[in-house]
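Written out below as structure tokens is the structure these notes cover.
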Amino acid sequence: MAQLIDGKRISQEIKDELKIEVQKMEEQGISVCLAVVQVGNDPASTVYVRNKKKACAYVGIESRAYELPEETTEEELVRLVEELNQDASVNGILVQLPLPSHIDEDRIIRTISPDKDVDGFHPVSVGRLWIGEKGFVSCTPAGIIQLLKRSGIGIEGKNCVIAGRSNIVGKPMAALLLRENGTVTVTHSRTKNLSEITSKADILIAAIGKARFITAEYVKDGAVVIDVGMNRDEEGHLCGDVDFEDVEPKVSAITPVPGGVGPMTIAMLMNNCVETVRC
């Protein structure tokens, strides 16, 4: 039977460690503050922001909420971000995505100071990751590395295949696996013979955004499968990119959806916030 990689437990472990670290910082007069900016009232974004605030409260990080109306202009948002960049009491800035269609997300991401970019999306953060410099790492890929390490799964020398090449997951995931000395292949929508490539993976990371796309034929016997997907099936049930029931009997370890990768994203956001003041 496959090892179930428990993201809820591991994320709680990380938050508990951070809570102790933040308490020690407070004793030295060091505080951590995250500014969370939300434009409009997209229901999913509201849930994500609420969860981030709860995590901040648990760890001991101050969270400042900036809830702006849908009609906020791009220039108004740029001005707010620039003010937060200059505010020495703010350590991290998070602008919740997606933004309303009239605002250029790329411009807003680039406006955030790389030294406060706790999401790890700024081009400078991405560059630092690829050349091995210290900097903020995109939270979901960083969380996947922790899932593997804390589950006793080695990466070095393993054949690692990523299905998906997004800027938020696929590309930074490749950089992090390389950093851990994995041998990395990135596949995508134009890849030919996809199942032939994925079925050779020791570690397969599915991040393609298609419900239950990865079936047993895509997976090698004994592989480790990390499911980044968060989809709704025809009945409206939450499911991943992996057909869990079909794949689970074949693999050595697998993440469930929900309860796998999802909780790790917020845990690593908290870690990035604390990283802003680590000596």
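Matching residues to (1) buried (at least 18 other Cβ atoms within 10 Å of the Cβ); (2) over 23 Å from the mean Cα position of the chain (by Cα):
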{"position": "GLU13", "(1), (2)": "no, no"}
{"position": "GLN28", "(1), (2)": "no, yes"}
{"position": "SER31", "(1), (2)": "no, yes"}
{"position": "VAL47", "(1), (2)": "no, no"}
{"position": "LYS54", "(1), (2)": "no, no"}
{"position": "ALA65", "(1), (2)": "no, no"}
{"position": "THR73", "(1), (2)": "no, yes"}
{"position": "LEU80", "(1), (2)": "yes, yes"}
{"position": "GLU83", "(1), (2)": "no, yes"}
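Of the listed requirements (1) in contact with a helix residue (DSSP H, G or I) (Cβ under 6 Å, 6 or more places away or on another chain); (2) closer than 22 Å to ASP16 by Cα, ARG50 misses just one: (1).
Residues that are within 23 Å of ARG278 (Cα to Cα), touching a strand residue (DSSP E or B) at 6+ places or on another chain (Cβ under 9 Å) and either at pLDDT 95 or above or aromatic (Phe, Trp, Tyr) (or both): does region 98-113 have at least one? So far as region 98-113 goes, yes, one or more of its residues are within 23 Å of ARG278 (Cα to Cα), touching a strand residue (DSSP E or B) at 6+ places or on another chain (Cβ under 9 Å) and either at pLDDT 95 or above or aromatic (Phe, Trp, Tyr) (or both).
Do we find a residue being surrounded by fewer than 17 Cβ atoms within 10 Å (Cβ to Cβ) and of a type outside the set (A, V, I, L, M) anywhere in region 238-246? Show your work before the answer.
The first filter runs over region 238-246 and keeps only residues surrounded by fewer than 17 Cβ atoms within 10 Å (Cβ to Cβ), leaving 238, 245-246.
Within this subset, residues satisfying the condition of being of a type outside the set (A, V, I, L, M) are 245-246.
Within region 238-246, one or more residues are surrounded by fewer than 17 Cβ atoms within 10 Å (Cβ to Cβ) and of a type outside the set (A, V, I, L, M).
Taking the criterion of being under 14 Å from LEU97 (Cβ atoms), part of a helix (DSSP H, G or I) and touching a residue at least 60 places away in the same chain (Cβ under 8 Å), the only residue of region 18-60 that qualifies is LYS52. Considering ILE197, ILE214, the condition of being β-branched (Val, Ile, Thr), crowded, with 19+ Cβ neighbours inside 10 Å and within 16 Å of MET173 (Cβ to Cβ) is satisfied by ILE214 alone.
When we screen HIS102, HIS122 for residues that are touching a residue at least 12 places away in the same chain (Cβ under 8 Å) and over 19 Å from the mean Cα position of the chain (by Cα), the only hit is HIS102.
The values are calculated or read from the model by the stated rules, or taken from the named source; none is laboratory data. The structure displayed is predicted, hence computed values, not measured ones. Note: ideal-geometry Cβ built from the backbone for every residue, glycine included; neighbour counts use all protein chains shown.
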